[in-house]
Amino acid sequence: DTGVSQDPRHKITKRGQNVTFRCDPISEHNRLYWYRQTLGQGPEFLTYFQNEAQLEKSRLLSDRFSAERPKGSFSTLEIQRTEQGDSAMYLCASRGFGDKSTDTQYFGPGTRLTVL
Amino acid sequence: AQTVTQSQPEMSVQEAETVTLSCTYDTSENNYYLFWYKQPPSRQMILVIRQEAYKQQNATENRFSVNFQKAAKSFSLKISDSQLGDTAMYFCAFMKGGATNKLIFGTGTLLAVQP
């Protein structure tokens, strides 16, 4: 059972450019979460998918951010017109259904975004 | 809204000794879960221990145990026989039972285990 994977691990971009991150959850995990973590802080919730449906979005997710999970497998998070304030670690987590650990989220290694 | 507070930004412990990390939370919910996650330097976050609020018995995982005081809304983590590999940022997290089950994290405690 492979863990949650994220790609790329690091991304450096110039202000105003668009970036896209990918998350591959643990196979058969139907729930997927995106979080953002800035330096010295705990992760903050961005959005949640159950299968392919995006069921909740945080107010942190401005209209420059969009997330998708086509076919209920991998997910992408796109940031348009990046700003320096978008610099952070973007974490993906997945969670299963129907086993005894369904309340546990498993995290990927994150994508560190630096906006110059 | 739920909040999680970790009042110890940094802590230090000698190898083989015991250390306790504090966490308090605020909620009006009855159905919820609490977690401690560990984030080693430049490595991914991993689950240390979890506690269901409806269980009175404190969770234990090898050298890690919690002191869950529901009435006081306190959830501390005790690490026994500390090892160098325990050096990491530790986050306390709250999850409400229900549809979304998003995690709400504290600001973390940086634990340094000294040889």
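How far is it, in nm, from the label point at B:Q14 to the one at A:L39 when both lie 7 Å from their Cα along the line to the Cβ?
Between B:Q14 and A:L39, the label points sit 3.4 nm apart.
Let me check something: with ligands and nucleic acids excluded, how do A:T76, B:T3 order by accessible area (1.4 Å probe), largest to smallest?
Ranking A:T76, B:T3 by accessible area, largest first, yields B:T3, A:T76.
Please calculate the 1.4 Å probe accessible area of A:H10, with all protein chains present, and give it to the nearest 10 Å².
My reading of the accessible area for A:H10 is about 130 Å².
From the backbone phi of segment A:39-47, what are the Karplus-calculated ³J(HN,Hα) couplings (6.51 cos²θ - 1.76 cosθ + 1.60, θ = phi - 60°) in whole Hz, Gly and Pro given as x?
4, x, 10, x, x, 10, 5, 10, 7
As an exercise, use a Förster radius of 22 Å and the Cβ-Cβ distance of A:S5 and B:I46 to find the FRET efficiency, rounded to the nearest 0.05. Kindly include the intermediate steps, with their values, before the conclusion.
Working: r = 15 Å, r/R0 = 0.67.
Efficiency for this residue pair is about 0.90.
For chain A, set up a Gaussian network in which alpha carbons nearer than 10 Å are linked by springs, and say which option among A:I79, A:I12, A:I26 fluctuates the most.
Comparing A:I79, A:I12, A:I26 in the GNM, the peak value goes to A:I12.
Taking θ as phi - 60°, what are the ³J(HN,Hα) couplings along segment B:24-40 by the Karplus curve (6.51, -1.76, 1.60), each to the nearest whole Hz, with x for Gly and Pro?
3J(HN,Hα) across segment B:24-40, in whole Hz: 10, 9, 10, 7, 10, 7, 9, 9, 7, 10, 10, 9, 10, 10, 10, 10, x.
Report, to two decimal places, the Cα Rg of segment A:1-44 normalised by 2.2 N^0.38 Å (N = number of residues). Please report the intermediate quantities before stating the final value.
Details: Rg = 13.1 Å, N = 44, 2.2 N^0.38 = 9.3 Å.
Here the Cα radius of gyration is 1.41 times the empirical estimate.
How many percent of the alpha carbon pairs in chain A exceed a separation of 16 Å? If you can, show how the numbers build up before the last one.
Numbers: 3803 of 6670 pairs.
When all Cα pairs of chain A are counted, 57 percent exceed 16 Å.
Report, please, the projected area of the protein assembly as shown averaged over directions, based on the convex hull of its C-alpha atoms, in nm². Walk me through the numbers before you get to the answer.
Working: hull surface 50.9 nm².
Its average projected convex-hull area is 12.7 nm².
Compute the whole-percent fraction of alpha carbon pairs in chain B spaced more than 25 Å apart. It would help to have the intermediate numbers written out before the result.
On the way: 1159 of 6555 pairs.
Result: 18 percent of Cα pairs exceed 25 Å.
The values are calculated or read from the model by the stated rules, or taken from the named source; none is laboratory data. Since this is a predicted model, take the numbers as computed values, not measurements. Note: ideal-geometry Cβ built from the backbone for every residue, glycine included; neighbour counts use all protein chains shown. Heads up: the accessible areas ignore ligands, DNA and RNA and are worked out on the full protein's heavy atoms, side chains in. Shrake-Rupley method; radii C 1.70, N 1.55, O 1.52, S 1.80 Å.
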